[in-house]
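Please treat every number below as a calculation from the coordinates, not as lab data. In this text the structure is predicted, and so the values were computed from the model without any measurement. Don't worry about glycine lacking a Cβ; one is built from the backbone with ideal geometry, like all the others, and counts go over all protein chains shown.
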Amino acid sequence: MDENSDLFKWEEFMSDKNIVVSREDIAREVARLGQEISRDFKDGRLVVIGILNGAFIFTADLVRKINLPLEIDFIRVKSYGKDSCSSGEIKLTKDVEISVAGKDVLLVEDIIDTGCTLSFLKDFFAKRYANSVSVCTLIDKTERRQKVVEVDYCGLEIKEGFLVGYGLDFAERHRQYADIYHLIDPHGDK
């Protein structure tokens, strides 16, 4: 393949999405959230738990903006697989390794969509005797909400669209972008 052929494929690939949130706007929201969390948990024992895979980038950036001693761990649950619709069934595929008993748990999610995952995880950690369980999300998307979830720290509210980038994916692809995009046709049905 020649260089021009690869460039054409990249430009064609990039044309299937529109930017929704720039990297600069993301950085501003992450900094704001970090300040709020630092203020609210200054007297607690904070455990930040990122929800894999999507929240790994957001979690890494967020903890660098929290000016407190904290512990970090990750949990993985599965509800989407390789589809664009949640199955509604939550499966725990990686548990945390540190004890949360008596500590303030902050669940960090990239996007809250149906609310099923966060509803499951809030109950899950409450049963493990966490002192408190709070939720931080970069994006709260209400378009397909099925369960009411109290969001303690929200970066952005976006009503609709299939979003990718900054950890958000479609079928495990597109996570690596520094900006967030609306994927125009995730199934390729043009």
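What is the distance in Å between the Cα centres of the range 42-60 and the range 62-76?
After rounding, the separation between the Cα centres reads 5 Å.
Among the GluC sites (Glu not before Pro) within the range 112-190, which fall in a DSSP loop and have no more than 15 other Cβ atoms within 10 Å of their own Cβ?
Glu143, Glu150, Glu160, Glu172
Could I have the simple spin-label model distance between Gln35 and Ala171, label points 7 Å from Cα toward Cβ, reported in nm to one decimal?
It works out to 4.2 nm between the two label points.
Hey, which of these cross-link pairs are over 25 Å Cα-Cα: Lys65/Lys159; Lys94/Lys127; Lys42/Lys94; Lys42/Lys122; Lys65/Lys122; Lys17/Lys141?
Lys65/Lys159; Lys42/Lys94
Put a dot 7 Å past each Cα toward the Cβ at Ile19 and Ile184; how far apart are the dots in nm?
In this crude spin-label approximation the distance works out to 1.6 nm.
Separation between the Arg145 and Arg128 pseudo-spin-labels, each 7 Å from Cα along Cα→Cβ, expressed in nm?
2.6 nm
For the range 23-160, what relative contact order do you get, as a whole percent, if you take Cα pairs closer than 8 Å and at least 6 residues apart? Let's see the in-between values first.
On the way: 263 pairs, mean separation 31.6, N = 138.
Computed value for the range 23-160: 23 percent relative contact order.
Of the DSSP beta bridges with both residues in the range 23-160, give the percent that are antiparallel, rounding to the nearest 5. If you can, show how the numbers build up before the last one.
On the way: 4 of 28 bridges.
Of all bridge pairs located within the range 23-160, approximately 15 percent are antiparallel.
Order of 41-51, 62-72 by packing, highest average Cβ count within 10 Å first?
41-51, 62-72
Using a 10 Å cut-off on Cβ atoms, rank the peptides 104-111, 127-134 from the highest mean neighbour count down.
Packing order, densest peptide first, comes out as 104-111, 127-134.
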